[in-house]
Amino acid sequence: MKRPGPIVAALLLLAPAMLGAATPPPVTVTSRGLVVAAEGHAAEAGAEVLRRGGNAVDAAVATALTLAVTYPRAGNIGGGGFMIVRLADGTATAYDFRETAPAAATRDMYLDEAGKVVRHRSTRGHLAVAVPGTVAGLALALERHGSGRLSWAELIEPARVLAERGFTVTDAMAEDLRASIDLLGANAAARRIFLRNGHYFEDGDLLRQPELAATLARLQASGPREFYEGRTAELIAADMAAHGGLITREDLAAYRPVVREVLRGHYRGHELLTMPPPSSGGIALLQMLTMLEGHDVAALEPAGAPKIHLFAEVMRRAYADRAAYLGDPDFTQIPVAALLDRDYLSRRAATIDLARATPSREVGGGLAPARAPRPEPMETTHLSVMDAEGNVVSLTYTINGIYGSGVVAGETGILLNNEMDDFTARPGTPNAFGLVQGEANAIQPGKRPLSSMTPTIVLRDGQVFIVTGSPGGSTIINTVAQVITNLIDHGLSPQEAVAAKRFNHQWLPDAITHEPGFASEEAMAELRAKGHELRLRQLYPNDPPRWSGTQGSAETIVVDLASGQRIGVPDGRRPGTAAVAE
Ligand code: DON
């Protein structure tokens, strides 16, 4: 047996100092394949695929489809997302299966006659739904990279069986569903399936979803285009027409996932593979890391005021650019090279004053005065997979809000997204994540809304070192940046790097939002003295109290390159699980 490398040795020998969540789940160490996901049945479905000889892409597809059944707050076939695949031969591809605006969508569809954004119109009900991309995206990645050892129908089977036979609702899920009574209760099918018409689920009850099982069976029998051109498409379009939604059969038939070139960058000798637009995540992450490179972050206390100040200033500048320049590259000219130019970023970083906060109104982009974010429910989920051969998948997908738009499309059992809210409903008015956005992200038919999802793979010496990503809307990019710098700069163990308390600055509102206990009282006083406003992350109305104040959930894999051991690091902020293929 090989000697454990330094990371594994540290894990085995030390009780890790808990910098974050009270009791983070233990890490899982293996030399074989593993899946880290936010829910146990789904992680296990992926691990079983690996055991049966499937590769990381096969396993990611099975896990993602299972999450659509067992983690309906975010797992989905009614939403969209991004997936980065890096094969053991070094080739990497980005899959964009982001939702699109329906053909009948218009720029001002969420405004009233006075030009004001109508509350809930872009977040609840049929009008909030964008054309889903998940099924097409998973199928495309599978077609190009699947091992071929398991068929599409076999990869759907665990999800279908769990939908048909049911699975046991946990205490957390029961609490979660109750917290969403307003949203889910407004739609007849959602009320029946998820609220049992008022006989609310309790810990230990069985949740069966026979209609979703039937939809999955149709996908097995007829292939992925069934969703877009078959009975499922017909049912979705009919439900839309009956309830004032915009999505038609033509919109569904026209949906196509896009293969994009992975966005590559560097940080202190590591190579990063991340998501290009229509996610803002990759560009903003690389901008922040490049600005940080000019500073000796390793010399700073991980939770000290100088470090938090520096990071907040870097975040502020990247998010100002996000608002000004980013949108769907198929609709908007995005100056990617200019935004990532090292000279530009070093000039930008030179405007950081280490003694005081730069007010956001003085930082470019300057769209509108800061406003408090509207607290809205939100949910997305990330999964990381590595197989025994070293192929890896980093996949983040979403229905945007927790339980999306709250709409289950007729008898399909499919919970639909509310991704339309990620567009700029009106320049200058914050969306559900408090993001103030610009023209580049205005609504247009067929366009993809700008995202913050940041599935990322970090290489050290050409080898996979970190596979990570997170939910958390606008905070996602900052969560990923903190996980990466905790490992690379602060040398934290994988468990500590993921558990460490997080904070967020997104240009507007001009404040640092943070998890409870992210810094000492003294450090907080020092940050205030520099001019920062500090806001404890609030409990989103639909979030169960147990998740109060948390930022993201980075289901991560870290490889100990000295020993080759793969370390699965579920994030304790959600009931994350690592499942191993051995
Ligand atoms: O694409 C985006 O940036 C958002 N729709 C993601 C939503 C999200 O992460 C909510 N999660 N907690």
*asked:* Please pick out the residue among Arg322, Arg316, Arg268 that is within 29 Å of Gly462 (Cβ to Cβ) and basic (Lys, Arg).
replied: Arg268
*asked:* Quick check on segment 270-279. Is at least one of its residues part of a loop (DSSP other than H, G, I, E, B), away from the ligand (no atom under 16 Å from the Cβ) and within 22 Å of the chain's Cα centre (by Cα)?
replied: no
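Pick from His490, His505: which is surrounded by 24 or more Cβ atoms within 10 Å (Cβ to Cβ) and more than 14 Å from the ligand (Cβ to nearest atom)?
Details: His490 fails: surrounded by 24 or more Cβ atoms within 10 Å (Cβ to Cβ).
From the options His490, His505, the qualifying one is His505.
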_Report every pair of residues separated by at least 6 positions or lying on different chains whose Cβ atoms are under 6 Å apart, first residue within segment 386-399 and on the phi > 0 side of the Ramachandran plot, second away from the ligand (no atom under 15 Å from the Cβ) and among the hydrophobic types (A, V, I, L, M, F, W, C)._
Gly390/Ala88
*So which pairs qualify, if the first residue must be in segment 227-238 and outside any helix (DSSP H, G or I), the second must be buried (at least 22 other Cβ atoms within 10 Å of the Cβ), the Cβ gap must be under 6 Å, and the two must be at least 6 apart or on different chains?*
none
*How many residues are over 19 Å from Ala103 (Cα atoms), crowded, with 24+ Cβ neighbours inside 10 Å and touching a Pro at 6+ places or on another chain (Cβ under 9 Å) when one looks only at segment 405-429?*
3
_One residue from Gly75, Gly46 being away from the ligand (no atom under 16 Å from the Cβ), crowded, with 23+ Cβ neighbours inside 10 Å and not aromatic (Phe, Trp, Tyr)_ = Gly46
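More than 16 Å from the chain's Cα centre (by Cα), away from the ligand (no atom under 16 Å from the Cβ), assigned to a strand (DSSP E or B) and assigned by TED's automatic domain parsing to the domain that holds Met420, is that true of Val29? Break it down into steps so the answer makes sense when it comes.
On the way: more than 16 Å from the chain's Cα centre (by Cα): yes; away from the ligand (no atom under 16 Å from the Cβ): yes; assigned to a strand (DSSP E or B): yes; assigned by TED's automatic domain parsing to the domain that holds Met420: yes.
Yes; evaluated as a whole, the condition is true for this residue.
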*For segment 101-149, enumerate the residues that are outside any helix (DSSP H, G or I), in contact with a Lys or Arg (Cβ under 7 Å, 6 or more places away or on another chain) and buried (at least 21 other Cβ atoms within 10 Å of the Cβ).*
Ala101, Tyr110, Gly133
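Select from segment 386-421 the residues that are acidic (Asp, Glu), more than 16 Å from Leu212 (Cβ to Cβ) and assigned to a helix (DSSP H, G or I) and list them in ascending order. Working first, answer last.
Going residue by residue through segment 386-421, those that are acidic (Asp, Glu) are 387, 389, 411, 419, 421.
Narrowing further to those that are more than 16 Å from Leu212 (Cβ to Cβ): 387, 389, 419, 421.
Passing the criteria: Glu419, Asp421.
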*Identify the single condition in (1) more than 16 Å from the ligand (Cβ to nearest atom); (2) polar (S, T, N, Q); (3) buried (at least 24 other Cβ atoms within 10 Å of the Cβ) that Ser470 does not satisfy, given that it satisfies every other one.*
(1)
*asked:* Cβ contacts < 6 Å: first residue closer than 15 Å to Asn55 by Cβ, restricted to segment 80-103; second residue more than 13 Å from the ligand (Cβ to nearest atom) and basic (Lys, Arg), any location; separation 6+ or different chain. Result?
replied: Ala92/Arg86
_Odd one out for Val69 among (1) under 20 Å from Pro329 (Cα atoms); (2) assigned to a helix (DSSP H, G or I)_ = (1)
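Among the listed residues Thr479, Thr513, Thr454, Thr550, identify the single one that is in a loop (DSSP other than H, G, I, E, B), β-branched (Val, Ile, Thr) and out of contact with any helix residue (DSSP H, G or I) (no Cβ under 7 Å at 6 or more places or on another chain). It would help to see each step written out before you state the result.
Numbers: Thr479 fails: in a loop (DSSP other than H, G, I, E, B); Thr513 fails: in a loop (DSSP other than H, G, I, E, B); Thr454 fails: out of contact with any helix residue (DSSP H, G or I) (no Cβ under 7 Å at 6 or more places or on another chain).
After ruling out the rest, the residue left standing is Thr550.
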*Taking only segment 158-169 into account, find how many residues are buried (at least 19 other Cβ atoms within 10 Å of the Cβ) and in a helix (DSSP H, G or I).*
5
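Does Met83 meet the test of being modelled with pLDDT of 95 or more and under 18 Å from the mean Cα position of the chain (by Cα)? Even if it seems obvious, please write down each step before you answer.
Working: modelled with pLDDT of 95 or more: yes; under 18 Å from the mean Cα position of the chain (by Cα): yes.
The answer is yes for Met83.
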*Going through segment 431-462 one residue at a time, which ones are of a type outside the set (Asp, Glu), out of contact with any strand residue (DSSP E or B) (no Cβ under 7 Å at 6 or more places or on another chain) and more than 14 Å from the ligand (Cβ to nearest atom)?*
Val436, Ala440, Ile443, Gln444, Pro445, Gly462
*asked:* at pLDDT 95 or above, of a type outside the set (D, E, K, R) and within 16 Å of the ligand (Cβ to nearest atom): is that true of Met240 in this structure?
replied: no
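What about Leu326, is it modelled with pLDDT of 95 or more and not assigned by TED's automatic domain parsing to the domain that holds Ala64? Reasoning before the result, please.
Details: modelled with pLDDT of 95 or more: no; not assigned by TED's automatic domain parsing to the domain that holds Ala64: yes.
For Leu326, the condition - modelled with pLDDT of 95 or more and not assigned by TED's automatic domain parsing to the domain that holds Ala64 - is not met.
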*Confirm whether Val464 is within 21 Å of the chain's Cα centre (by Cα) and surrounded by fewer than 24 Cβ atoms within 10 Å (Cβ to Cβ).*
yes
*How many of the residues making up segment 386-429 are in contact with a helix residue (DSSP H, G or I) (Cβ under 7 Å, 6 or more places away or on another chain), among the charged types (D, E, K, R) and within 16 Å of the ligand (Cβ to nearest atom)?*
1
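Just the residues that are touching a helix residue (DSSP H, G or I) at 6+ places or on another chain (Cβ under 9 Å) and of a type in the set (D, E, K, R), please, taken from segment 305-340. Give the steps one after another, and end with the answer.
In the first step, residues of segment 305-340 are kept if they are touching a helix residue (DSSP H, G or I) at 6+ places or on another chain (Cβ under 9 Å); the result is 305-329, 331-336, 338-340.
Hits for segment 305-340 are Lys307, Glu313, Arg316, Arg317, Asp321, Arg322, Asp328.
The values are calculated or read from the model by the stated rules, or taken from the named source; none is laboratory data. Predicted model only: the values in this text are computed from it and were never measured. Cβ sites come from the backbone with ideal geometry, for glycine too, and all protein chains shown count toward neighbours.
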